[in-house]
Amino acid sequence: MAEGREHREYRMEELAREAGITVRTLRFYRERGLIQPPRREGRIAWYDDHHLARLRTITGLLDRGHTLNGIADLAATFDSGRDVAEVLGLGEPTEETPVRLTPEKLADYFADEATAENLSAALDLGYLATDGDEIVHISRRLLEVSAELVREGVPLSAVLSSGRLVREHADALAAHFVRVLRTHAADTDPDQLRTLAHAVVDAELSMALDRQLRDDDAPRPAPDLRGQDT
């Protein structure tokens, strides 16, 4: 190991030993592009803790039944994801709690639904962001609800599509409430604005669900077969 460096670095043999794999496997992962190229000093290749974290992630995902091809797709999507600072902006959400996850933990939430395609969609939607070797979900509530919907049999792709649609309507509703209150009650406290907006949306959504579920449960009239040949 190199001395006096800010972060720990490893020779290939050291890294393989720390990761619990063989040097041959490490070379294979590197050739497949599953880990980033090492830093080189002449003929010496130096790996760091980011490489070690990625190798442990690969092992964890393999243990969960993911294939190397699938892991390669996930790694490529993960590496190209937006940084958490870009998603969160100047500050964290006022009411939502971001959740830090390893790729293995994300796979535990969504099992075989944690595909590169779904990960890419979640990154694009802003549900997920990257922070070094970690993934950050923007909202614990959304994470838990999404996982529950998947457990109920809803494909994660459908959950994300629904989330995108809800986001569009929620943005429009939020803009409307802010505009109305700034026009007619400019001195309203922002916290009170949130409370009032939540109350209206919750009540209307509850009644809308009642109407939809009632319509779905209503008996369908039998088809009129009069006049048809028998």
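Note on the stretch 142-160: among residues that are surrounded by 13 or more Cβ atoms within 10 Å (Cβ to Cβ) and in contact (Cβ under 8 Å) with a residue 40 or more places away in the chain, the one that is nearest to Asp49 (Cα to Cα) is Leu143.
Beta carbons closer than 6 Å, at least 6 apart along the sequence or on distinct chains, never pair a first residue in the stretch 195-206 that is within 19 Å of Glu96 (Cβ to Cβ) with a second that is at pLDDT below 85. Restricting attention to the stretch 171-188, the residues that are surrounded by 10 or more Cβ atoms within 10 Å (Cβ to Cβ) and either in contact (Cβ under 8 Å) with a residue 40 or more places away in the chain or charged (D, E, K, R) (or both) add up to 3.
Tallying residues that are over 12 Å from Tyr10 (Cα atoms) and either among the aliphatic types (A, V, I, L, M) or not in a helix (DSSP H, G or I) (or both) within the stretch 23-61 yields 15. When the residues of the stretch 1-56 are filtered to those that are modelled with pLDDT of 85 or more and among the acidic types (Asp, Glu), the one that is surrounded by the most Cβ atoms within 10 Å (Cβ to Cβ) is Glu9.
Being surrounded by fewer than 17 Cβ atoms within 10 Å (Cβ to Cβ), closer than 23 Å to Thr115 by Cα, touching a residue at least 40 places away in the same chain (Cβ under 8 Å) and within 28 Å of the chain's Cα centre (by Cα) is a description that does not apply to His66. With respect to the conditions (1) closer than 30 Å to Ala111 by Cα; (2) assigned to a helix (DSSP H, G or I), Leu173 falls short on a single one, namely (1).
Within the stretch 123-141, if we keep just the residues that are of a type outside the set (Asp, Glu) and in contact with a His (Cβ under 8 Å, 6 or more places away or on another chain), the residue that is surrounded by the fewest Cβ atoms within 10 Å (Cβ to Cβ) turns out to be Gly132. Exactly one residue out of Phe110, Phe78 is assigned to a helix (DSSP H, G or I), surrounded by 13 or more Cβ atoms within 10 Å (Cβ to Cβ), at pLDDT below 75 and in contact with a helix residue (DSSP H, G or I) (Cβ under 7 Å, 6 or more places away or on another chain): that is Phe78. Residues of the stretch 22-50 that are within 21 Å of Asp73 (Cα to Cα), among the aliphatic types (A, V, I, L, M) and out of contact with any Phe, Trp or Tyr (no Cβ under 7 Å at 6 or more places or on another chain): Leu26, Leu34.
The values are calculated or read from the model by the stated rules, or taken from the named source; none is laboratory data. Predicted, not measured: the structure shown is a model, and the values here were computed from it. Don't worry about glycine lacking a Cβ; one is built from the backbone with ideal geometry, like all the others, and counts go over all protein chains shown.
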